[in-house]
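Visitor: Once you've had a glance at the structure underneath, I'll fire off some questions.
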Amino acid sequence: MTDSNAVAEFRRELRDWLAENCPPGVRDGAEPTVETTPWGSSKIPLDSDSRLWLERMAQRGFTVPTWPVKYGGAGLDRDLYPVLIEELKRINARTPLTGRGVNYIGPTILELGTDEQKAKWLPGIARGEGGWAMGYSEPGAGSDLASLSCRAELNGDHYVINGRKVWTSDAMDCDYIFILARTDPDAPKHKGISLILVDMHQPGVQVSPIRLLSGASPFNETVFENAIAPAADVIGGINNGWTAGKRLLQFERSTHAGINTSGSQGGRTQDSELPRQLAPYLSNQPALRRALTAHEMAFAAQRLTQKRVIEETAANAPGFASSAVKLSNALITQAGDELRIATLGTNGIGWSGDFQPEELTATRTWLKQKSLTIAGGTMEVQKNIIAKRVLGLPD
Ligand SMILES: Cc1cc2nc3c(=O)[nH]c(=O)nc-3n(C[C@H](O)[C@H](O)[C@H](O)COP(=O)(O)OP(=O)(O)OC[C@H]3O[C@@H](n4cnc5c(N)ncnc54)[C@H](O)[C@@H]3O)c2cc1C
């Protein structure tokens with residue numbers, strides 16, 4: 001806990017610092033995307049303001065505000081963390097650094113890594129040195145992740161890895177990948193798995209795009225053929241990857257839920273865009289106004305819930321609430337998309353050609369966000385977790 005005088009002093013000092021150090025080019029409030037926000041990839045060049053912003057924020061520990069100072073953080077507690085976020089949003093500052101390094105594997109190493117592993121990996125992640133991919137899913141292992149068959153065999157002081165991962169988002173631009181691999185093939189399926197960090201800059205790691213109907217390929221198949229990883233880079237203990245890997249999934253889900261406090265979140269204040277977008281259609285449309293009002297109330301309740309969970313959760317320690325808030329976030333977002341498309345009518349199902357840019361964006365967003373109830377564990381998987389772990393219902 002930080003007393004109210006110290007909180008006020010922190011806010012004052014922070015305002016001055018931001019006024020002096022936040023470059024104009026990153027004050028557009030852009031929501032984090034690969035195009036707008038650094039996530040550490042050495043393969044994606046940054047414009048000069050984004051680079052400067054990343055360096056200055058990293059120097060203050062503000063890229064990972066709740067991490068301890070010795071690992072590159074600012075050691076902010078749950079009273080100070082929200083102040084940083086409010087002040088970043090107040091000036092429309094972009095998020096300085098995001099991605100699987102800061103939000104998924106970083107907090108997992110912080111919680112489960114050895115002192116050597118923390119010293120080796122965390123300061124670099126905090127400075128945005130290296131983009132990370134996630135190698136969990138396989139052709140035969142999605143929801144039933146423990147069926148994975150990628151193998152890692154110990155050979156002296158390193159593992160030799162062979163197997164295939166699918167749906168590895170952004171792998172073509174990544175420098176590292178954390179994988180779940182079978183390190184004891186004779187153990188029962190939930191045992192004998194390890195969480196291993198792998199350098200992608202080696203011939204044994206091959207990435208090929210999975211092309212989507214849209215022509216884009218954010219996904220990849222990542223194949224390991226005698227790839228090498230030091231045995232010292234197993235996180236959470238050898239053959240303990242099921243426990244460590246599930247913990248990482250909680251960090252992923254808390255990110256999807258908007259309640260991960262590892263990284264700092266900038267962007268605009270998260271007001272719903274829908275009222276502005278639907279305003280031209282509202283007159284003489286009572287049913288639409290009612291639907292929009294109901295949606296806005298659900299949206300506002302979701303934002304308050306996120307805020308409450310952040311305030312109630314010790315820094316960096318998401319729990320099973322992550323599954324519930326991830327699911328409600330996805331469902332509310334998708335409901336907003338449906339409402340927008342229904343309102344736009346045929347203008348909302350354009351793919352190219354004679355449509356307004358905002359209409360084309362609406363169509364693509366609607367289709368893309370269908371994946372929100374699949375990525376990071378499907379809706380049914382989240383409901384199973386909520387039933388068993390939150391509500392205590394029998395298996
Ligand atoms: C946008 C996006 C990004 C992704 N990025 C990555 C990534 O970077 N790295 C990575 O490793 N993976 C990634 N994935 C893969 C994702 O984790 C899997 O798609 C997801 O876990 C589901 O697995 P699956 O596709 O094999 O479906 P399946 O597991 O085959 O599921 C098919 C259907 O059966 C249902 N089902 C399965 N089991 C149960 C059950 N026990 N009870 C009730 N219903 C069940 C599911 O809910 C689903 O509706 C990504 C997926 C998406 C959509």
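Where a number appears in this text, it was derived from the coordinates with a stated rule and is not lab data. The structure presented is a predicted model; accordingly, all values stated were derived computationally and were not measured. Neighbour counts run over all protein chains shown; Cβ positions are idealised from the backbone, glycine included.
Visitor: If the chain between Arg289 and Arg268 were fully stretched, how many nm would it gain, using 0.36 nm times the residue separation less the Cα-Cα distance? Mind dumping the intermediate values first?
Guide: On the way: separation 21, 0.36 × 21 = 7.56 nm, distance 2.49 nm.
Gain on stretching Arg289 to Arg268: 5.1 nm.
Visitor: With labels modelled as points extended 7 Å from the Cα through the Cβ direction, what inter-label distance (nm, one decimal) is found for Glu153 paired with His201?
Guide: Going by the 7 Å Cα→Cβ label model, 2.9 nm.
Visitor: Go through the range 271-287 residue by residue and turn each phi into a ³J(HN,Hα) via Karplus (6.51, -1.76, 1.60, θ = phi - 60°); whole Hz please, and just put x for glycine and proline.
Guide: 6, 5, 7, 4, x, 5, 5, 8, 3, x, 9, 7, 5, 6, 10, x, 5
Visitor: Oh, and also: Have a look at the DSSP beta bridges in the range 68-181 and tell me what percent are antiparallel, nearest 5.
Guide: On the way: 6 of 10 bridges.
Of those bridges, close to 60 percent are antiparallel.
Visitor: Follow-up question, since we're still on this one. In the P(r) worked out for the range 1-129, what percent of Cα pairs fall beyond 17 Å? Intermediate results must be reported in sequence, preceding the final value.
Guide: Values: 4738 of 8256 pairs.
That fraction is 57 percent.
Visitor: Let me ask you something else. Roughly what % of Cα-Cα distances in the range 238-332 sit above 17 Å, to the whole percent? Don't skip to the end; give the middle numbers.
Guide: Details: 2628 of 4465 pairs.
In whole percent, the share of Cα-Cα pairs in the range 238-332 beyond 17 Å is 59.
Visitor: Something else about it: Pick out, in residue order, every one of the trypsin sites (Lys or Arg not before Pro) in the range 234-339 that is DSSP loop and has at most 14 other C-beta atoms within 10 Å; say none if there are none. Walk me through the intermediate numbers first.
Guide: Values: sites: Lys246, Arg247, Arg253, Arg268, Arg276, Arg289, Arg290, Arg303, Lys307, Arg308, Lys326; in loops: Arg268.
Loop-located and lightly packed - Arg268.
Visitor: With 26 Å as the limit, write out which pairs from Lys165/Lys370; Lys120/Lys388; Lys43/Lys120 have Cα-Cα distances beyond it, or answer none. Walk me through the numbers on the way to the answer.
Guide: Values: Lys165/Lys370 22 Å; Lys120/Lys388 37 Å; Lys43/Lys120 21 Å.
Beyond 26 Å: Lys120/Lys388.
Visitor: Name the shape class, rounded, prolate or oblate, that the alpha-carbon gyration tensor gives for the range 66-191, where a ≥ b ≥ c are the square roots of its eigenvalues, rounded holds for a/c under 1.5, and otherwise prolate holds if a/b is larger than b/c and oblate otherwise. Can you show the working numbers first?
Guide: Values: a/c = 2.36, a/b = 1.87, b/c = 1.26.
Prolate, since a/c reaches 1.5 and a/b exceeds b/c.
Visitor: In 10 Å bins starting at zero, report the fraction of Cα pairs in the chain per bin as a rounded %.
Guide: Using 10 Å bins, I get a P(r) of 5, 21, 31, 27, 14, 3, 0, 0 for the chain.
Visitor: Quick one: 3J(HN,Hα) in Hz for the range 45-57, Karplus 6.51/-1.76/1.60 with θ = phi - 60°, rounded, Gly and Pro as x.
Guide: x, 9, 6, 5, 5, 5, 5, 4, 4, 4, 5, 5, 5
Visitor: Averaging over all projection directions, find the projected area of the Cα convex hull of the range 258-395 and quote it in nm² with one decimal place. Please report the intermediate quantities before stating the final value.
Guide: On the way: hull surface 41.2 nm².
Taking the Cα atoms of the range 258-395, their convex hull projects to 10.3 nm² on average.
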